[in-house]
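Here it is, the structure in full.
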Amino acid sequence: MASRRVGFCLSVKKRRRINLSAFAHLCAGRGIEVVEIDLSRTMDSQGPFDIIVHKLSDVIVEAEHDSQSQQLLDNFQTYVSTHPRTVLLDPLPAMRQLLDRFASYRIISKLQNTLQGKSICCPPYLEINTTDMSAIQEAVDRKQLTYPLICKTRVAHGSRSHEMSLIFSRAGLRDARPPCVLQSFVNHGAVLHKVFVVGEQHFTVARPSLKNFPTGPYDRKTIFFNSHEVSKPESCSHLTALDETMPRVPAPNEDLMVAMVKELRAALGMALFGVDVITNIDTHTLTIIDINIFPGYEGVPQFFSSLLSHIEYVLDMSHDPKH
Ligand SMILES: O=P(O)(O)O[C@@H]1[C@@H](O)[C@H](OP(=O)(O)O)[C@@H](OP(=O)(O)O)[C@@H](O)[C@H]1OP(=O)(O)O
Ligand SMILES: Nc1ncnc2c1ncn2[C@@H]1O[C@H](COP(=O)(O)OP(=O)(O)O)[C@@H](O)[C@H]1O
Ligand SMILES: [Mg+2]
């Protein structure tokens, strides 16, 4: 009989993607039982759980307008609050803030101040809530945002959240669809670094990314794109094809990455997250552009062993009377 039970609460898609049955097999060898939580049944009938690993992004976003999802979320929250000894990976309020780019970029901007002098930054950006063009133009000028601007939806989860645009001039600002973020585009040599965090450990994987653009403003039509067409491992787009004469950008400094991950872990209070970083080709500043909840860890063969170690560590800590 397994002595410890880990509940996984994931969408069907996520469960398949991470191959939960293979992870359950690994856990069984360490006396840990993996249970797939079915949110449509009572949590009490499926427990007890020593720890719950979840990605409830779909449910949280749907709960905004769907009472059935709200009910599922309420049941989950009630279980968690009435079982304080069950560890939650990760806390709901912590992950909820990452579903909102306004909140994420505030966190990243604060981090930029904490790590001052460490050459880490967040691109200058604006939160756009209005359709009033002159107000938007004035805000862009006041904040001295440089063109091109990348326009991202406020909601950071779901298929529509990856629909973005590149705006090259004041006239192009009419293509912004509020609520959204307007962020200065940073030339980075078309390489994205995905930093995948599991507790104390992190793993970095390089991915394709948007190519460099001349600094604007200039007369060019807005480019609409889906971020998954440019930054997935298999992405192959004309938007990522670099001019071959471009000098290569150095890989990010590992000490800087360690400092960034440490600060972010503390600021977020989370263990399973991903950070998208790029290196500014002119200043070599490490630039954070995105934080993801429980990402895919694609290209990280150590993911399972690392997750298992983290779960064991958390369980040991929670049973330690000193904590
Ligand atoms: O949006 P990104 O930066 O491409 O990262 C995605 C993202 O985190 C996505 O989650 P969601 O937006 O659907 O919540 C993850 O999907 P899964 O939950 O199905 O794994 C992707 O795995 C992330 O991609 P990546 O692993 O490339 O960071
Ligand atoms: N400020 C920026 N400068 C340059 N490229 C960017 C910037 N922000 C995003 N990108 C590009 O757009 C892609 C998607 O942006 P991101 O903020 O990670 O959104 P998503 O949530 O869809 O992953 C990145 O992978 C990168 O290629
Ligand atoms: Mg991203």
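Give me the percent of accessible area attributable to carbon and sulfur for the chain, probe 1.4 angstrom.
51 percent
Expressed as an acute angle from 0 to 90° and rounded to the nearest 10, what is the orientation of the C-alpha long axis of helix 133-143 relative to the principal long axis of the chain?
The answer is roughly 90 degrees.
What does the charge dipole of region 4-89 about its Cα centre add up to, to the nearest 20 debye, if the Cβ of each Lys and Arg holds +1 and the Cβ of each Asp and Glu holds -1?
About 520 debye.
Does region 38-143 come out rounded, prolate or oblate, given a ≥ b ≥ c as the square roots of the eigenvalues of its C-alpha gyration tensor, rounded meaning a/c under 1.5 and, failing that, prolate meaning a/b above b/c?
Oblate shape, in that a/c is at least 1.5 and b/c is the bigger or equal ratio.
More than 27 Å apart: what percent of Cα pairs in region 170-323 qualify?
Taking all Cα-Cα pairs of region 170-323, the fraction more than 27 Å apart is 34 percent.
Can you tell me the accessible area per residue over region 178-323, all protein chains present, probe 1.4 angstrom, in square angstrom?
48 Å²
Per residue, how many Å² of accessible area does region 4-89 show with a 1.4 Å probe?
Accessible area per residue: 53 Å².
Shifting gears a bit: Find the Cα radius of gyration of region 122-177, compare it with 2.2 N^0.38 Å by division, and give the number to two decimals.
In units of the globular-protein estimate, region 122-177 measures up at 1.10.
While we're here: Under a straight-distance cross-link criterion of Cα-Cα below 26 Å, which lysines are reachable from Lys194, leaving out those fewer than 8 residues away in the same chain?
Lys13, Lys14, Lys55, Lys110, Lys118, Lys152, Lys211, Lys232, Lys262
On alpha-carbon atoms, Rg over Rh for region 227-286 using Kirkwood Rh?
Rounded to two decimals, Rg/Rh equals 1.04.
Sticking with this structure for a sec: Regarding the chain, what are the three Cα extents along the principal axes, ordered largest first, in Å?
Computed over the chain, the largest-to-smallest principal extents equal 68, 43, 37 Å.
Given the convex hull over the Cα atoms of region 4-89, what projected area results after averaging over all orientations, in nm²?
Spelled out: convex hull of the Cα atoms, projected over all directions, averaged, 5.5 nm².
Cα axis of helix 254-268 to longest principal axis of the chain: angle in degrees, 0 to 90, nearest 10?
60 degrees
For the chain, what is the calculated [θ] at 222 nm in deg cm²/dmol (nearest 500), taking -39500 (n - 2.57) for each run of four or more DSSP H residues and dividing by its residue count?
-9500 deg cm²/dmol
Region 280-323 to region 103-145: how many Å between their Cα centroids?
Each part's Cα centre sits 26 Å from the other's.
Would you mind checking the tilt of helix 101-114 against the longest principal axis of the Cα atoms of the chain, expressed as 0 to 90 degrees and rounded to 10?
80 degrees
If you take every residue apart from Gly158 with its C-beta less than 14 Å away from the C-beta of Gly158, what net charge results, scoring Lys and Arg +1 and Asp and Glu -1?
My count for the surroundings of Gly158 gives +1.
The values are calculated or read from the model by the stated rules, or taken from the named source; none is laboratory data. What you are looking at is a predicted structure, and each value in this text was computed from that prediction instead of being measured. Here Cβ is always computed from backbone atoms with ideal geometry, including for glycine, and neighbour counts include all displayed protein chains. Remember, those area values only see protein heavy atoms, side chains included, never the ligands or the DNA or RNA. Shrake-Rupley method; radii C 1.70, N 1.55, O 1.52, S 1.80 Å.
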